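Novice: This is the structure, below, for whatever I ask next.
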Amino acid sequence: GGSSSAGGKDLLKVGVFLPGSTSDTGFMQSAHLGYERAKKAHADTAKLSMAEEVDPADYEEVLTSFASTNDLVVSVGGQTDADLRRVAAQFPDVTFVEIGGPSDAEPLANLAYYDPQQAEAEYLTGAAAALASTKHSVGFIGGMELPAIVNAAEAFGNGAVAAVPGTKVLKPQFVGDFNDPAKAKQAADADIAAGADVLGQIVNLGKAGIEQAVRSADARMIGGPIPGECSADSPYAAYIRTDIGAEVEYAIEAVLDGTWKAVQEPFGLTSDHDATELTFCGDDAEAKTTLEKLAAQLADASVTAY
Amino acid sequence: MIAAILASGLGFAIPLLVAATGELVSERAGVLNMSLEGMMLTGAFSSVIGAVESGSAVVGLFWGIAAGLALGMVQALASVVLRADQIVTGLALNALALAGTTFGARLLFTDRGAEVPGFDGLDLGAVGDLPVIGPALGQSVLAYVLVLSVAVVAVITSRRTSWGIAIDAAGEDAVRADWAGVPVNRVRFASVLLAGALAGAAGAQLALSEVHTFTDNMTAGAGYLAVVAVIAGRWRALPTVVATLAFGVAQALQYSLPAVGVDVPTGLLLMLPYAIALLATAGLVASSRAPSALTRPFARSATGR
Amino acid sequence: MTRLRTAGFRDAGDLIRHPLALGALSALAAAVTALALAAAAGSPPGTTLNAFLDGVGTAHSVGAALNGTAVIVLVGSGFIIAHRVGLVNVGGEGQICAGAVTATSVGLALPPAIGPWVGVPVLLGAAALGGAAWAAVAAALVIARGVNEVICTLLLNFIALAGVVLCVHEDWLLRQPRTSAETLPQSAPLPASFQLPLLGIERSPATLGIIVALVAAAGTALVLRRTALGVRLEATGLSRPAARRLGIATDRLRGGGLVVSGALAGVAGGLLVGAAPFLLVDGVSSGYGFTGLVAGLLARGSLLAMVMVATSLAFLSSGGIAVQLFAGVPASLTQIAQALLVFFIASTAAWTVSHVPRRTTRDTRATGGEAGEVAP
Amino acid sequence: MSDLAPGHPPAPAPRGPLALELRGVSREFGAVTALRDVSLRVSPGTVHAVLGENGAGKSTLCNIVYGALPPTRGEMVRFGQSYAPGSPAHALAGGVAMVHQHFSLLPNLSVRDNLLLGAWTQSARRRTLRAVDRARDSFGVEVDLDAHVGAMSLGARQQVEIVKALLREPELVLFDEPTAVLSATEIDRFLAISTALARAGTAVVLVTHKLAEVRAVSDEFTVLRHGSVAGSGRVAEASSDDIIDMIMGRQVAELDGVLAATLGVADPTAASTGRTPGPVVLTVDGLTVRDEAGAVRVDDVDLELRAGEIVGVAGVEGNGQSELVAAISGSLPVTAGRVVLGDREITDLEPGDRNALGLAVIPEDRHHEAIIGDLGITENLLLDRLDEFRSPRGLDRKAMDREAARLMQEYDVRAAGPRARLSTLSGGNQQKVVLARELSRDSLQCVVAAEPTRGLDLGAVDAVVTRLREAADGGAGVLVVSSELPELFALCDRILVAYRGSIHGQVHVADPDAHDAVARLMMGEPA
Ligand SMILES: Nc1ncnc2c1ncn2[C@@H]1O[C@H](COP(=O)(O)OP(=O)(O)OP(=O)(O)O)[C@@H](O)[C@H]1O
Ligand SMILES: Nc1ncnc2c1ncn2[C@@H]1O[C@H](COP(=O)(O)OP(=O)(O)OP(=O)(O)O)[C@@H](O)[C@H]1O
Ligand SMILES: [Mg+2]
Ligand SMILES: [Mg+2]
């Protein structure tokens, strides 16, 4: 890594790698929002650059060229893990952070793992869904069948049952693509036809499809990871905020003030980063208390998400 | 559940049907449009832009059709005028449409939250509650309009009309059709434009009726399926319709099976529509033959005998 | 389908009609359009070009481009073989996947200690078999059922892509052992014996692959130009009835051509899993099938031209990433440029050779690709 | 080279406006000059014959008048007004119709659809159908509107072609080699029609290779040679010898009997060969062939062919003779029966294996089955002998070209060189290439030839006939299917007549009343 160029004063050069689209209304966009915030906040201490929408075949090339021109490389999304580990090994004097990687991965000397713990978040959305459901039947729609998503789906079920025992939880659906609304819609249609009236999701742009499905069947869904506004006619029963951007900011700050450590850093409710937060729409007081109770239980680890 | 499968199956089948109808005419006239996929995608893309810009779904529809026409124009230029290789240019146009719309989406769709005006499903009241078919009927206005216009096209281009005969003649043997006084290349050009317009409309249907948004590569192979539907339908109208429905239902099964708790690996479900398409072609096509001049360009100066 | 192969040399060697000349012109047009679009996206041409050149300049990206070239060349060679017997194989994508899957399974099944001298050949052999088998499905449908080869190879692509998803998600298939709920849906990495040796250039990921590919291309050229088999393949492609009458086993050659074509694409799949990160993941073929088809088609049967096209396409895409990184232009710009390139070449090529008789099994005199029936 | 034959008055100055006049029309195809500065005048109510060898430019001329090809230079005038059709559609609208050398009907449309092609409006369709009746009433041409063209005999198709040409009551009709594929009776039928047309005031341009037809119906003639007008005049005032002289710059005296016969300038005389039939080389036994539709095309045919004899198969086109040859040569699957070559059954062998065993085949459809136009002469000649030219460094192209050159020499194939693409050869030379390949095999036992001289120029016909004779003299059995009766009589020792798919009878050419016998048999009556 050469922290030499960048005209005159010596800025921290940061490369943020977003393999997906920064306008996917999901994981990547949330990370991108953090990137923008950090860019403003550290305008005079750090120089940020980013890459979005990269083909799996090209991960390694992008990471390599990032590593050879930056001091800190933040790679967002578990799918980059294999390449990132190899590149990190090749550039010992560059710092690497992977967001959303396998939560059991071994950190390297120069590679830390930040875990958004979507599972915990989904435990809450499951609960919220169950509380909002009138038919006591809920479903979950995920994008790709990645471990993080599979676990989240399981947590969603656990949460639902924990909040309203006896709730019917449909088999989670994985449409194979986070950004295909047509497929997400069909999956949602199928779940609704199977009796569910509130749907949880981790499908970025796929949300648009689910939205159509629930609107036309007056069912409801859970929003997130980027929170929106609750309103009467909105099909959203609740929003979960899973702030990936917070982790990008945290990484940069950590390196800037030298507190960066090569560890597995959790960002869920159990952590003190408050990157996760659920907003339950409507004014059902006891539902909200139930949710707070569950959140507390997660925080003090008296229950596990999955 | 059956009802649900039918409903969402139809939702997927209608765009296929619309696109396939245009492609059927074009292939009967002797031009194969691999670019159907690209036409649909571009149609979806610009229909959304149109709808957002104008705030009216109908305007959006027309933008979609216009975009399909534009791509059809390019394909026709390549296939008919320049006599280029239809398969390569088609695949190239698909690549172009995919990259182009992705690029455009980056530049234009910065605010994903924006409301996209679209066509909502009809509320048919009592009809909608019919057993089995009820839900399937709750399609959008646009869907009904499209299916109707497709039917009209099918009638106008049937073997019973002069147009139909001319189209078949151009696709069976352009030289002799020309000798008989049929303006072969004009017929072909028009057919490709028709395919483009309908594919554009199909894209609009996908974007404005189904999901009210555009996402990169949102057609995800639907265009290819439409082409296959024509072949599986042995270049005849009704079998083609059946094929599109079959593909639609196959797609729907993909999600209905898990919903009812049947545990099938995602991979297998992803294969389903294409596997069915393959079996269909393998099972049916052999018994028929394609228009003899399919993918063969025509130029009068070259027919000196 | 036009074939300039003969035209380029047999016909009065009109330079402008040579594929390379055309390629140059079309490339220019594509480049200009791409730069204009980049400007629209807020990056002045100068910046874009610099970024591009920086991008293709580094040792790493050259290596990456070479690896890409290898894959494209293999698929392209296969395409040309099938095309010579009159079949358009658009199934490269699926055949790559098939090759990657068999290669991975073999690599993971065999004892890890057998050493690269055995391991790598075995890996590529397995890959070839996989690709061949997948193409054989298409071949069977084409020969036995008379299905259009474009359609069934195309459909088999989608099926194979889904097949990879299946393989990497199912524990009973190739998914790596689940050590925890976090185990990613991908195969375990191949042991060292099955990893392609690097060419050993500093900081460059370039592997043995490029050598393999060039050998394959050269071999293909030799067979097609210098051997009896080559002539028989061509005859079959030009007129099946006549070829059959002259004692050529046309069905076998057509089937064989498609299968060999698939085998080469399969080897390409082997290269992809045999190079870092040495494992099978969803989307392993990442569009190389179509790029290979493009290279094969644009070269019109000339393997030299094909290698050149393949190289430029590979460098184009690695430069494209740099354009996104350093000029902030969406990466899809390079796909746009590539698509335009293909489209321009394909269109103009047909136009420039339009009065050379096209292949038709009906009438050797028909020109402009039109076949007029001769009265029975 | 527009040399008028000596002692010929120039074409008379026509009375009244001309139905067609060409002034210095030329057409080039790249290097090839198809027409050079051609002038021609056709008056209404006359039949104008256009003669010439293959590649002389006859079809090109017709295509230009019909708007299917633009001329490179020159102008056309009709009834005093300049005429430049942009497309066949224009020509049709302008009262010009054409019947093409290679038929123009779409095989997989019905007759009705074929006739209605290009009639866009309902009224146009009705008018068309009325015109069909008119054609029947005034010229006696019958067509079955619902028949599927693909399933019709060539004679029947020809009828449809004519009806189609007459639909719009044209003032000028172009017939390009209409009789090349017709049987004797069909030819007479056709000639009658063209005379009737002329009487009705239509101008008729008749392209043909056959002098007899010219004599029969035409008033004036123009001869093309190598694209230029070699002569023209009134048929009544020109002697056959002069015309043939113009056509090919050769004296009739030099002409082979067969050629003379084909041209109708001499009576067919059995070429009395000193050949004595040897052992049986080809046995066909209960051969039956059904087409995809299941219709019986060849019906339980038995025949024996002996070494050194030439046997002809006559018959009205579409009576199964083509299928018979196809089945023997292996390009049609046999439904029942067996085919034996020498002492070897070949019923189920691939065509290639039959060749290897010494069966030479000259297929009817040259372009489709016999040659590969985009390959060079060398490849076309040696494709089934490639193994002989294997060398350590792959194929020995030089040796191949040498061998090809030798064969071209021997069989008098005229072309740029062994590497010339076959599609650039004239039909005649293409046919010579086929002969060279098929007859030069050492294993040669038996030759099966279908319409070997169709559409070929005289030089080529000469070559074909001589080669077939030599083959027989060399001890091979020769089976010839031809629709040219005189040719058969001149060439064969005996003639089998095909009728409705079976061999209806056999006639020895030596018999005095052979001709009538064959004629009767062809009509299905007993000999
Ligand atoms: N499509 C073409 N491309 C190139 N040259 C052509 C083409 N058609 C005809 N020619 C040239 O024009 C010459 C005349 O061809 P044309 O078919 O008019 O001869 P023809 O007199 O009709 O012969 P035939 O009696 O066999 O019909 C040919 O010898 C050939 O050289
Ligand atoms: N597409 C073409 N390209 C080049 N030359 C052509 C083409 N078509 C025809 N020709 C020319 O036409 C001539 C052959 O035409 P011709 O009319 O003699 O064939 P033919 O004997 O009539 O064939 P057929 O028996 O099928 O009518 C050749 O000299 C050839 O050069
Ligand atoms: Mg002619
Ligand atoms: Mg001819």
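Nothing in this text is a laboratory measurement; each read-out follows from the coordinates by a stated rule. Every value quoted in this text rests on a predicted model; they were computed, and no experiment measured them. For neighbour counting, all protein chains shown are included, and Cβ atoms are generated from backbone atoms with ideal geometry for every residue, glycine included.
Novice: Quote the relative contact order of chain D in percent (integer), defining contacts as alpha-carbon pairs under 8 Å separated by 6+ residues.
Specialist: Normalised by residue count, the contact order of chain D is 15 percent.
Novice: Just to confirm my numbers, what's the Cα centroid distance between the stretch D:166-190 and the stretch D:366-438 in Å?
Specialist: Each part's Cα centre sits 36 Å from the other's.
Novice: Before rounding to the nearest 500, sum -39500 (n - 2.57) across all DSSP H runs of length at least 4 in chain D and divide by the residue total; then give [θ] at 222 nm in deg cm²/dmol.
Specialist: Here the helix-only value at 222 nm equals -9500 deg cm²/dmol.
Novice: Now for a different question. Antiparallel DSSP bridges in chain D: what percent, to the nearest 5?
Specialist: Antiparallel bridges: around 55 percent, rounded to the nearest 5.
Novice: Averaged across the residues of C:162-171, what count of C-beta atoms belonging to other chains lies within 10 Å of each residue's C-beta?
Specialist: 5
Novice: Take chain C, mark every one of the GluC sites (Glu not before Pro) that falls in a DSSP loop and has at most 16 other Cβ within 10 Å, then report the longest stretch left between them, sites excluded.
Specialist: With GluC sites (Glu not before Pro) excluded where exposed in loops, chain C gives C:203-376 as its longest stretch.
Novice: If I require 18 Å or longer along the helix axis, counting alpha carbons, and a Kyte-Doolittle average no lower than 0.0, what helices from chain A are left? Use full DSSP H segments.
Specialist: Helices meeting the criterion: A:118-132, A:147-163, A:244-256, A:285-299.
Novice: Follow-up question, since we're still on this one. With only Lys, Arg, Asp and Glu charged, each at its Cβ (+1 for the first two, -1 for the last two), find how big the charge dipole of the stretch C:67-316 is about the Cα centre; round to the nearest 20 debye.
Specialist: For this selection, approximately 1020 debye.
Novice: Report the one residue of B:GLY221, B:ASN185, B:ALA202 whose Cα lies farthest in the direction of the positive end of the charge dipole of the stretch B:172-305 (charges on C-beta: Lys and Arg +1, Asp and Glu -1; origin at the Cα centre).
Specialist: Final value for the positive-end residue is B:ASN185.
Novice: In µm²/s, what is D for the stretch C:247-353 at 10 °C and 1.306 mPa s, where D = kT/(6 pi eta Rh) by Stokes-Einstein and Rh is the Kirkwood radius from Cα pairs?
Specialist: It diffuses with D of about 99 µm²/s by this estimate.
Novice: If you don't mind, another one. Which FRET efficiency value, to the nearest 0.05, is calculated for D:ALA356 and B:VAL152 with the Förster distance at 56 angstrom and r the Cβ-Cβ distance?
Specialist: For R0 = 56 Å, the calculated efficiency reads 0.40.
Novice: Please report, in cubic angstrom per residue, the volume enclosed by the convex hull of the alpha-carbon atoms of the stretch D:98-250.
Specialist: Dividing the Cα hull volume of the stretch D:98-250 by its residue count gives 123 Å³.
Novice: Need the list of lysines near D:LYS210 for cross-linking: C-alpha distance under 29 angstrom, and skip anything on the same chain fewer than eight residues off.
Specialist: The reachable lysines, counting only those whose Cα sits under 29 Å from D:LYS210, are D:LYS58, D:LYS164, D:LYS432.
Novice: Additional query: Based solely on its DSSP helices, what 222 nm [θ] is calculated for chain A when runs of n ≥ 4 H residues each add -39,500 (n - 2.57) and the sum is averaged over all residues, nearest 500 deg cm²/dmol?
Specialist: My calculation for chain A gives -12000 deg cm²/dmol from helical runs alone.
Novice: On to the next question. If you put +1 on each Lys and Arg Cβ and -1 on each Asp and Glu Cβ, how big is the dipole of the protein assembly as shown around its Cα centre, in Debye rounded to 20?
Specialist: The calculated dipole for the protein assembly as shown is roughly 3720 debye.
Novice: Let me have the 222 nm mean residue ellipticity of chain B computed from DSSP H runs of 4+ only, each contributing -39500 (n - 2.57), with the sum over all residues rounded to the nearest 500.
Specialist: Computed mean residue ellipticity for chain B: -22000 deg cm²/dmol.
Novice: Taking every pair of alpha-carbon atoms in the stretch B:52-108, what share in percent sits in each 10 Å bin, from 0 to the bin with the longest distance?
Specialist: In order of increasing distance, the bins hold 21, 41, 29, 9, 0 percent.
Novice: Then there is this: Within the stretch C:231-247, what residues put their amide N at less than 20 Å from the label point 7 Å along the Cα-to-Cβ vector of D:ARG393?
Specialist: Label zone hits: C:231.
Novice: Farthest toward the dipole's positive end in the protein assembly as shown, which of A:ALA163, B:LEU270, A:VAL74, given Cβ charges of +1 (Lys, Arg) and -1 (Asp, Glu) about the Cα centre?
Specialist: Result: B:LEU270.
Novice: Hey, what angle do you get for helix D:458-473 against the long axis of chain D, alpha-carbon based, 0 to 90 degrees rounded to 10?
Specialist: Between the helix axis and the principal axis of chain D, the angle is about 20 degrees.
Novice: Provide Rg over Rh for the stretch B:157-282; use the alpha carbon set for both Rg and the Kirkwood Rh (inverse mean inverse pair distance).
Specialist: Reported Rg/Rh (Cα atoms, Kirkwood Rh): 1.08.
Novice: Now for a separate question. Once each part is reduced to its C-alpha centroid, what is the distance from the stretch C:175-217 to the stretch B:1-60 in angstrom?
Specialist: Result: 41 Å between the Cα centres.
Novice: Here is a follow-up. I need the Kirkwood Rh of the stretch D:371-440: take the reciprocal of the average 1/r across all distinct C-alpha pairs and report it in angstrom.
Specialist: 11.9 Å
Novice: Follow-up. If the reach is capped at under 30 angstrom between alpha carbons, list the lysines near A:LYS40, excluding any in the same chain fewer than eight residues apart.
Specialist: By straight Cα distance, A:LYS40 reaches A:LYS9, A:LYS13, A:LYS207, A:LYS261.
Novice: Let me ask something additional. Among DSSP bridges having both ends in the protein assembly as shown, what percentage is antiparallel? Round to the nearest 5.
Specialist: 40 percent
Novice: Still on this structure, I have one more. Running Debye on the stretch C:67-316 with equal point scatterers at the Cα sites and no solvent, what base-10 log of I(q)/I(0) appears at q = 0.13, 0.14, 0.16 Å⁻¹?
Specialist: -0.75, -0.86, -1.08
Novice: With +1 assigned to the C-beta of every Lys and Arg and -1 to the C-beta of every Asp and Glu, and no other charges, what is the dipole magnitude of the stretch D:371-440 about the Cα centre in debye, to the nearest 20?
Specialist: 240 debye
Novice: Further question: Could you give the angle, 0 to 90 degrees to the nearest 10, between helix B:184-204's Cα long axis and the longest principal axis of the Cα atoms of chain B?
Specialist: So the helix axis and the longest Cα principal axis differ by about 10 degrees.
Novice: What's the exposure ranking of A:CYS281, D:CYS492, C:CYS97, D:CYS446, going from fewest to most Cβ atoms within 10 Å?
Specialist: A:CYS281, D:CYS446, D:CYS492, C:CYS97
Novice: Also, I was wondering about something else. Once you put a point 7 Å from the Cα of B:VAL262 and another 7 Å from the Cα of D:ASP144, both along the Cβ direction, what distance in nm separates them?
Specialist: 5.1 nm
Novice: Still on this structure, please answer the following. Rank by packing, highest mean first: peptides A:282-293, A:15-26, with packing defined as the count of other Cβ atoms within 10 Å averaged across residues.
Specialist: Sorting A:282-293, A:15-26 by mean packing, highest first, produces A:15-26, A:282-293.
Novice: Identify, among C:SER347, C:TYR288, C:ILE211, the residue whose Cα sits farthest towards the positive end of the charge dipole of chain C, taking +1 on the Cβ of Lys and Arg and -1 on the Cβ of Asp and Glu, with the dipole about the Cα centre.
Specialist: The listed residue farthest towards the positive side: C:SER347.
Novice: Using 18 Å as the Cα-Cα cut-off, could you pick out the over-long pairs in A:LYS135/A:LYS171; A:LYS168/A:LYS293; A:LYS135/A:LYS185?
Specialist: Beyond 18 Å between Cα atoms: A:LYS168/A:LYS293; A:LYS135/A:LYS185.
Novice: Please report D:SER391, C:SER286, D:SER218 as a ranked list, fewest other C-beta atoms within 10 angstrom at the top and most at the bottom.
Specialist: Ranking D:SER391, C:SER286, D:SER218 by Cβ neighbours within 10 Å, fewest first, gives D:SER391, C:SER286, D:SER218.
Novice: Please grab the % of Cα pairs in the stretch D:90-173 that end up more than 17 Å from each other.
Specialist: 44 percent
Novice: Related question: Relative contact order of the stretch A:188-306, please, whole-number percent, based on alpha carbon pairs below 8 angstrom and at least 6 residues apart.
Specialist: 19 percent
Novice: Which one, C:ALA126, C:ALA310, C:ALA21, has the greatest fluctuation when you compute a Gaussian network model over chain C with C-alpha springs under 10 angstrom?
Specialist: Fluctuation is largest for C:ALA21.
Novice: Diagonalise the Cα gyration tensor of the protein assembly as shown and give the resulting equivalent ellipsoid semi-axes, square root of 5 times each eigenvalue, largest first, whole Å.
Specialist: Each semi-axis is √(5λ); the values are 70, 34, 29 Å.
Novice: Take the Cα coordinates of chain D, assign each an equal point scatterer, and use the Debye formula without solvent to give log10 I(q)/I(0) at q = 0.10 Å⁻¹.
Specialist: One equal scatterer on each Cα of chain D leads to -0.86.
Novice: With the Cα gyration tensor of chain B in hand, give its eigenvalues times 5 under a square root as the equivalent ellipsoid semi-axes, listed largest first in whole angstrom.
Specialist: Listed largest to smallest, the semi-axes of chain B are 32, 23, 18 Å.
Novice: Rounded to the nearest 10 degrees, what's the angle between the helix D:122-139 long axis and the longest principal axis of chain D, both from Cα atoms, 0 to 90?
Specialist: Here the helix axis deviates by roughly 70 degrees.
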